[in-house]
Every structure is written in structure tokens, then in C-alpha cells.
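Structure, as C-alpha cells:
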Amino acid sequence: MVNRARVRPLNQARPGQGPVVYWMSRDQRVRDNWALLYAQELALSLGQPLGVVFCLAPAFLGASLRQYGFMLKGLQEVAGDLADLNLPFFLLTGEPARELPGFVAHYRVGAVVSDFSPLRLVRGWKTAVASRIGVSLEEVDGHNVVPCWLASPKAEYGAYTLRPKLKRLLPAFLEDFPALPRHPVGWAGERPEIPWKDLPATLAIDTTVPEVTWLTPGERQARAALDHFLEQRLPFYGERRNDPTLDGQSDLSPYLHFGHLAAARVALEVESRRGHDSSREAFWEELIVRRELADNFCFYQPLYDTFAGFPAWAQKTLNQHRQDKREKLYTAAELESGRTHDELWNAAQRQMVQRGKMHGYMRMYWAKKILEWTASPEEAQAVAIYLNDRYELDGRDPNGYAGIAWSIGGVHDRAWFERPIFGKIRYMSYNGCRTKFNVEVYINQTREESGP
Ligand code: FAD
Ligand code: FO1
């Protein structure tokens, strides 16, 4: 049974007669998917067919072919796996607020189940759909181990305030997933063919940011990447994760962002292993505390991508330093092309543009330098979000809005020694990086990555 504490109603309607539909958006997977498992339980209790629908929005927070290509290949694998379970997969294209109600009416759907995202755009879709369909819309948080609205009733100050709440609730929510049985009731209506290969062209997707080739999308590849991380990298994560010249991170974020892999699955696997406690602890802090803190931030702070979303102390100190002289000023275009005076920063920018995944340690330095080299914190945050969401495979994610707000606006951080421009926002320097890792090696590596 799916823990009903993971489920919350988004309208007052009750499930009616008719097929049950899982409106898939964030958790784009068949295995380990609480929203899909709950939708099936509901369908079985009503003796109804079950279908899965994904609505392809024509534009999503600056996503380009790089992200849509990765996502569509993953969805094609989902459609195939669902078919093997007697479950149809429907791909709608257009604005979800319009397409979903049309779909519900056309197939006389009796109940809709959705997964959870705290992003304003997605919440706007859900609010519109909830009010336009005459049947129930329920939301299931299968992205966080502890449902976001249960972990805390408010925006947390930092990891240190959310961590004890998660520790207390985790035992009840970190549970293994049942396998999804083949659905006994067949879907009555027709199932339109999905023109997978011509979709990008028909969707007029921005193709200026090419797909990556070093990472293969989909649930199976995500599981393989998890196994590789557990065997080869987890034991050294503690000491290697902050050295961008090493492959010390898991490289799981694109799979977690698109939901090809459940964070709870990663947590269950990490917990089942023994030894390397400091590495497992360090990884746990990022995977569970930092990631669920980011959803907490976006869920309770709707202004998560603006200056107003910064804590009061940070707004105050940044305001006090608005007039400070900027030694360097770069436009968004100069920053995007990685043509600054700082070779280390340029290397990080190059890595993001070419590889679609900047090293986690460099993201902090990268964002903080944008604050230093632009005319205002607002411009810095806007440029960082634009570049992050345009080039990162894992972009357009609460982790990104929280990461950028941490770097530029002190979110989930504390005040540090006051200095020009930054005020009391934590500062990071080129020389500081030199004490942490071999800067030349990182710079040369990213040059090689960009190829000839
Ligand atoms: P690992 O170190 O292997 O971590 C495993 C998982 O833990 C990650 O996949 C992620 O889900 C979580 N995690 C790790 N670090 C953080 C963190 N600081 N905050 C929240 N969760 C974390 N992450 C994104 O997923 N998308 C983004 O767009 C993004 N933008 C960022 C921008 C800035 C300025 C900063 C400072 C951080 C950003 N992060 C973002 C967080 C972090 O850098 C990435 O999650 C991480 O580098 C992804 O690589 P990985 O999966 O190999 O990380
Ligand atoms: N979710 C959808 O329901 N429909 C989309 O068309 C869609 C496009 C998309 C493109 C890039 C990307 O990074 C995410 C995208 N998502 C889409 C949303 C995603 O699945 C997550 O819900 C959020 O990004 C994180 O909350």
C-alpha cells in the first residue's frame, strides 16, 4: 500500500466512474514511482483501466534540444515499459492547463493523479487543471523521500534546521518500492501513435544547445549509473567530491532531475552498504538533506528566483553595497561565451556549455563571480539562472534555484566577514580554489572536453 501521507488532494472532487490517469511530469519513470503505484491502487479499487499521460509543453524554462532530447528518449523508454504492463502512454503537446482538461473530457477520465513539483510554473498548471476538471486531482510526492509538505510546514533557515526533521521522519518514509503488477483492466479507447523521432522538429524546440553524448538517458541507464557510482565512487566520495579535477561526484543529477531515478532508490542502496561511513554520510547530506531542502525552499518561497527570496540579512547587506565599484563588469553575452579575465571561471563556463554538467564545487565559484562582475545582485541572479537553465542537463530544478540563491543571496547560509560588493555574503576566490585543487589541471581538462 502506498503511504497515504504521500498523497494530497488538489481539488474537492471525488474520484468518479471512468479510467484513472497518472499525469506524469517530474518523476518520468515506471519503477519506484509512488504516484504511479498510487494511481494503480486507485484504479484497482474502482475496477478501472489505468493510463499515463505526459503533456509536452512547447517551452519549459529555457530548455533547449539538449534537455528535450534527453527527456524524450527517457519518455520513449517509459512508454515501452508501460505497454508491457498493459498500460497505455499518451503524449499530449501544448499548454497542460488546456490539454489535460481536454484529455480528461475526451476519455471520460474518472480520477487524475499527478506527481509533485514545487516550481511556480508547474504549480500553475496544476491549479488550472484542478479547477477545470470535474473529477479528483491528487498529488503524490514521489520525488522527495519525505513528502515536502510533511518534512516541514515552513521555509527552513538551512540544512541544520531541516536535517533533524528529516532524520525523525525518514524511517517512516524510506521504504522499499513494490513492483508494479500488470494492470488487469485494459484501456478501452484508442491509443494514438507517438511520432517519437519527429517530435523535436514538430515542437519547434530551440536546437542551439546540442544534446550531450557522454550520458545516455532513461531508467535502465540511470540504474547502471547508480550501480557504477556505488561500486566505483561512493567509497571515495568524501575526499573527492569537491575536487573538480576528479570524477568524484555521482553524475546522477540529470537522472534525478528528470526522475529517471528515484532519490529514495539511491538512498536505499546507499543505506544497504557498509563501510566508508564518512563518504556515505557526506553523500547522504547532499542527496537527502540538501536536495530536499531545495524543494522546501521553492515550495515555501515562491519568489525563489528573485532578490526578494533572499533572507532579510542578505538583502540588507547587498543593498548596502549596491554602489560599490565593480572592478570588472561583464555582459550576459561575454559571460555566456566564457571570455572573462579569469581562466578558471572560463573553464567552468566551458564545461557547462560543452558537457551540460558543471562540477558542483565550481558552480559555487561560478555563481559568486557573476555577483562580483555584474552591476547588481538582481542582474547576477538573472544571468546565473539563464545560463544554468539553458546549458545544465539538470537545470530548471529546485536545486538550481536554491544553489544560485545560496551563492548570490545567502539562502541557507550565514553572514561572513563584510567586503565590497558581497557585503556579508560568503566570498570565494581564485586563490582559495588553488588551495583546494589543481586549477591548471581543471582548466586543461575543460579545454580537452571542448574538443578541437
Ligand atoms: P553529487 O555530489 O553526486 O550529489 C548527488 C545528488 O545530491 C545530486 O544529484 C543532487 O540531487 C544532490 N545534491 C548535491 N549537491 C546539492 C546541492 N548543493 N543542493 C541540492 N542538491 C544537491 N543541482 C541540480 O540538480 N540542478 C541545478 O541546476 C543545479 N544548479 C546549481 C547552481 C549552483 C550555483 C550551485 C551552487 C549548485 C547547483 N546545483 C544544482 C546543486 C549541485 O551542484 C548539483 O546537484 C550537483 O553538482 C549534481 O551533480 P551530481 O549528481 O554528480 O552530484
Ligand atoms: N514537465 C512536463 O510536464 N512537461 C514538459 O514539457 C516538461 C519539459 C521539461 C523540459 C526540461 C526540463 O528540465 C524539465 C521539463 N519538465 C516538463 C518538468 C520536469 O519534469 C520537472 O517537473 C521540473 O523541471 C522540476 O520540478
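Values as computed for the structure displayed
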{"read-out": "Shape category assigned to region 143-216 from the gyration tensor of Cα positions, a/c cut at 1.5", "value": "oblate"}
{"read-out": "Rounded tilt (10° steps) of 65-83 against the dominant C-alpha axis of the chain", "value": "30 degrees"}
{"read-out": "Per-q log10 I(q)/I(0), region 168-312, q = 0.17 Å⁻¹ (Debye; single scatterer per alpha-carbon; no solvent)", "value": "-1.17"}
{"read-out": "At most 12 other Cβ within 10 Å, DSSP loop - trypsin sites (Lys or Arg not before Pro), region 46-139", "value": "none"}
{"read-out": "Principal axis dimensions, region 5-123 - Cα atoms, whole angstrom, descending", "value": "41, 32, 31"}
{"read-out": "C-alpha long axis of helix 34-46 to longest principal axis of the chain, angle in °", "value": "10 degrees"}
{"read-out": "Shape call, region 278-413: gyration tensor on alpha carbons, a/c limit 1.5", "value": "oblate"}
{"read-out": "Principal semi-axes in Å for the chain [√(5λ), Cα gyration tensor, largest first]", "value": "38, 23, 23"}
{"read-out": "Cα centroid separation - region 367-411 against region 270-324, whole Å", "value": "13 Å"}
{"read-out": "DSSP bridge pairs, the chain: antiparallel proportion in percent, nearest 5", "value": "15 percent"}
{"read-out": "Highest to lowest packing among 34-42, 276-284, scored as the average C-beta count within 10 Å", "value": "34-42, 276-284"}
{"read-out": "Protection proxy ranking of 261-267, 140-146 - average other beta-carbon atoms within 10 Å, highest first", "value": "140-146, 261-267"}
{"read-out": "Loop GluC sites (Glu not before Pro), region 315-378 (other Cβ atoms within 10 Å of the site Cβ: 15 or fewer; DSSP)", "value": "E327"}
{"read-out": "Over the chain: helical MRE at 222 nm, DSSP H runs n ≥ 4 each giving -39500 (n - 2.57), nearest 500", "value": "-13500 deg cm²/dmol"}
{"read-out": "Set of lysines near K167 by C-alpha distance (under 19 Å), chain-local residues within fewer than 8 positions excluded", "value": "K154"}
{"read-out": "Carbon plus sulfur fraction of accessible area for the chain, probe 1.4 Å, in percent", "value": "54 percent"}
{"read-out": "Set of lysines with alpha-carbon distance to K424 below 19 Å, sequence-local pairs under 8 removed", "value": "K316, K325, K368, K369"}
{"read-out": "If the convex hull is drawn through the Cα atoms of region 229-341, its volume per residue in Å³", "value": "179 Å³"}
{"read-out": "Cα centroid separation - region 102-130 against region 144-176, whole Å", "value": "26 Å"}
{"read-out": "Accessible solvent surface per residue of the chain, calculated while the other protein chains remain in place, 1.4 angstrom probe, Å²", "value": "41 Å²"}
{"read-out": "Cut-off under 5 Å, modelled amide H: who pairs with C55 long-range", "value": "L92"}
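The values are calculated or read from the model by the stated rules, or taken from the named source; none is laboratory data. Not measured: the values here are computed from a predicted model. Neighbour counts run over all protein chains shown; Cβ positions are idealised from the backbone, glycine included. In case anyone asks, the SASA skips ligands and DNA or RNA and just uses the protein heavy atoms, side chains included. Shrake-Rupley method; radii C 1.70, N 1.55, O 1.52, S 1.80 Å.
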